[in-house]
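Single-structure report; data block below.
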Amino acid sequence: MIQVALVGAGGWGKNLARNYSQIPGCALAYVCDLDPARLEELHRQLPGTRVTTRFADLLEDPAVQAIAVATTAAKQHGLCKAALRAGKDVFVEKPFVLTVADAEELVEIAEQEGRILMVGYLLKYHPAIGRLKELIDAGALGDVHYVHTQRLNLGVIRKDANALWYFAPHDIAVSLYLVGKEPTEVAASGQSFVQPGIEDVVFTSLKFGTTAMAHVHVSWLEFHKTRKITVVGSAKTAVFDDRQIVQKLTLYDKSAAHGGSYASFAEDITSRVGDISIPHLEMDEPLRVECQHFVDCIRERRRPLSDGKEGVRVVRILEAAQRSLETGGMPIHLSR
Ligand SMILES: NC(=O)c1ccc[n+]([C@@H]2O[C@H](COP(=O)([O-])OP(=O)(O)OC[C@H]3O[C@@H](n4cnc5c(N)ncnc54)[C@H](O)[C@@H]3O)[C@@H](O)[C@H]2O)c1
């Protein structure tokens with residue numbers, strides 16, 4: 001039985017607690033939070049799980065093999081570092097940490113200690129995104145021209161980091177996954193309306209050389225909740241809409257094409273319109289898939305799909321996007 005402990009029993013931590021306590025072969029040994037009221041509530045739901053306000057209890061118990069960290073962005077680095085140093089495998093929620101230096105340090109410690117470090121880029125575990133990735137890799141969309149993501153809602157307005165750091169990690173991670181290339185340039189613009197210096201809405205553009213781009217739109221000020229990703233390819237367009245119950249992924253066999261007559265090149269470009277299809281998906285709760293993946297990686301000592309190095313890639317883009325935000329949207333070149 002793999003014993004996992006959780007630190008951070010807030011709005012999202014509760015979902016992690018539920019999943020880790022239900023996975024076969026895994027036990028949720030402890031939940032730690034600074035807030036006793038949150039612990040009391042969780043203990044009522046999971047009476048077999050010990051609760052504590054002392055993080056050291058998790059580190060000191062040799063039966064605890066892994067620690068899941070879901071606190072606030074600014075605190076996750078210190079907690080992950082202590083957990084890795086204590087010989088625990090670590091799952092950490094996005095945004096992971098707030099600087100590339102901190103991210104690289106955690107990757108290095110995980111390597112030194114022979115520990116697994118996984119970052120919770122949830123969309124990579126979504127069955128519809130998995131199917132979309134298969135379709136792209138099989139060439140069904142042709143060349144990926146661009147990805148456009150929208151993560152909008154009127155939700156929790158954070159105080160310790162902006163909408164870029166809290167919302168965009170999912171979409172940046174998934175853009176890298178779907179495009180399958182390294183970005184060369186990032187630019188971001190946004191605005192703080194509610195709290196000074198904390199952007200509520202951010203538009204981030206990524207360029208992948210001259211062959212592809214991604215545009216990531218995040219906001220916690222829009223009352224209409226949207227979770228959408230559009231992938232425009234040279235042959236087909238795919239739309240992932242997580243707000244749909246059944247039709248989460250739709251393929252449009254539509255694209256711009258040359259008709260074959262070269263009398264006038266410009267006049268020869270036409271729109272090709274074909275079928276619209278809805279691929280069948282074996283749906284499962286993405287968070288369950290993600291937690292199960294962590295437990296499998298612990299058991300089999302294998303590298304997670306979203307490991308620490310992936311975390312470094314995403315944080316590097318977030319850090320550059322933040323710099324761009326602070327300089328009025330100036331494009332930032334990303335060196336390898
Ligand atoms: N994957 C997703 O889709 C998703 C969704 C929401 C949040 N998250 C991430 O999960 C994390 C938590 O978000 P949330 O919405 O639950 O936040 P929250 O503010 O509701 O809860 C955070 C909890 O952490 C506790 N905490 C803070 N520092 C602590 C410490 N040093 N020791 C013990 N407990 C501590 C707080 O008391 C609080 O209960 C964040 O990193 C967030 O980005 C991920």
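Using a Gaussian network model of the chain whose springs link C-alpha atoms within less than 10 Å, name the residue from Val314, Val201, Val156 with the highest mean-square fluctuation.
It is Val156.
Under a plain spin-label model, where a point goes 7 Å from the Cα along Cα-to-Cβ, how far apart in nm are Lys159 and Thr226?
Placing both labels 7 Å beyond Cα along the Cβ direction yields 3.0 nm.
Going by a ≥ b ≥ c, the root eigenvalues of the Cα gyration tensor, does region 1-69 fall in the rounded group (a/c under 1.5), the prolate group (a/b larger than b/c) or the oblate group?
It comes out oblate by the Cα gyration axes.
How are the Cα pair distances of region 15-118 distributed, in percent, across 10 Å bins from 0?
Result returned by the calculation: 15, 48, 32, 6.
Counting only C-alpha contacts under 8 Å and six or more residues apart, can you give the relative contact order of the chain as a whole percent?
Across the chain, relative contact order equals 18 percent.
If you build the convex hull over the alpha carbons only and average its shadow over all orientations, what do you get for region 156-211? Give it in nm² to one decimal.
4.2
Subtract the Cα-Cα distance of Asp241 and Leu281 from 0.36 nm times their separation in residues, and report this length gain in nm to one decimal.
Going from the current span to full extension adds 13.1 nm.
Listed here are the pairs Lys133/Lys236; Lys14/Lys309; Lys94/Lys248; which of them are more than 20 Å apart at the Cα?
Too far apart for the 20 Å limit: Lys14/Lys309; Lys94/Lys248.
In terms of the Cα gyration tensor, with a ≥ b ≥ c the square roots of its eigenvalues, is region 181-297 rounded because a/c is under 1.5, prolate because a/b exceeds b/c, or oblate?
Since a/c reaches 1.5 but b/c is at least a/b, the shape of region 181-297 is classed as oblate.
When the chain is fully extended, how far beyond the present Cα-Cα distance does Asp35 get from Val194, taking 0.36 nm per residue of separation?
The span from Asp35 to Val194 would gain 54.6 nm if fully extended.
Would you pull out the residues with amide H under 5 Å of Ile2's amide H, same chain only if 5 or more places away, H placed 1.01 Å from N?
Cys26, Ala27
Helix 76-85 versus the longest principal axis of the chain: what is the Cα-based angle in degrees, 0 to 90, to the nearest 10?
The angle comes out near 60 degrees.
Taking just the alpha-carbon atoms of the chain, what radius of gyration and Dmax come out, in angstrom?
Calculated on Cα positions, Rg and Dmax stand at 21.3, 77 Å.
Suppose a student asked you for the relative contact order of region 140-265, using Cα pairs under 8 Å spaced at least 6 residues apart; what percent would you report?
Computed value for region 140-265: 33 percent relative contact order.
Evaluate the distance, in nm, between pseudo-label points positioned 7 Å from the Cα of Arg44 and of Asp253 along their respective Cα→Cβ axes.
Reported label-point gap for Arg44 and Asp253 is 5.5 nm.
Can you give the convex hull volume per residue for the Cα atoms of region 33-192, as a whole number of Å³?
Considering the Cα atoms of region 33-192, their hull volume per residue is 172 Å³.
Angle between the Cα long axis of helix 127-137 and the longest principal axis of the chain, 0 to 90 degrees, nearest 10?
The answer is roughly 40 degrees.
Compute the separation of the alpha-carbon centres of region 182-210 and region 123-158 and state it in Å as a whole number.
For region 182-210 versus region 123-158, the Cα centre distance is 18 Å.
Hey, what angle do you get for helix 163-179 against the long axis of the chain, alpha-carbon based, 0 to 90 degrees rounded to 10?
Roughly 60 degrees, rounded to the nearest 10.
Once R0 is set to 51 Å, what does the formula 1/(1 + (r/R0)^6) return for the Cβ-Cβ distance between Thr53 and His333, expressed as a FRET efficiency to the nearest 0.05?
That pair, Thr53 with His333, gives E of 0.65.
Per-residue ellipticity at 222 nm for the chain, helices alone: DSSP H runs ≥ 4 residues times -39500 (n - 2.57), over residue total, nearest 500 deg cm²/dmol?
Using -39500 (n - 2.57) per qualifying helix, the result is -10500 deg cm²/dmol.
Would you grab the residues whose amide H sits under 5 Å from the one on Ile332? Only those 5+ places off in sequence or on another chain, please, with H modelled 1.01 Å from N.
Answer set, sorted by chain and number: Val186, Ala187.
Under 1.5 on a/c is rounded, so check that first for region 112-188, then, if it is not, pick prolate when a/b is larger than b/c and oblate when it is not; a ≥ b ≥ c are the square roots of the alpha carbon gyration tensor eigenvalues.
Verdict is oblate for region 112-188.
Debye sum, Cα scatterers, region 280-336, no solvent: what log₁₀ I/I(0) at q = 0.14, 0.20, 0.27, 0.30 1/Å?
These q points yield log10 I(q)/I(0) values of -0.62, -0.80, -1.04, -1.15.
All of the numbers you see were taken from the coordinates with simple rules; none came from a lab. Since the model is a prediction, treat every value here as computed from it, not as a measurement. Every residue, glycine among them, receives a Cβ derived from its backbone with ideal geometry; neighbour counts consider all protein chains shown.
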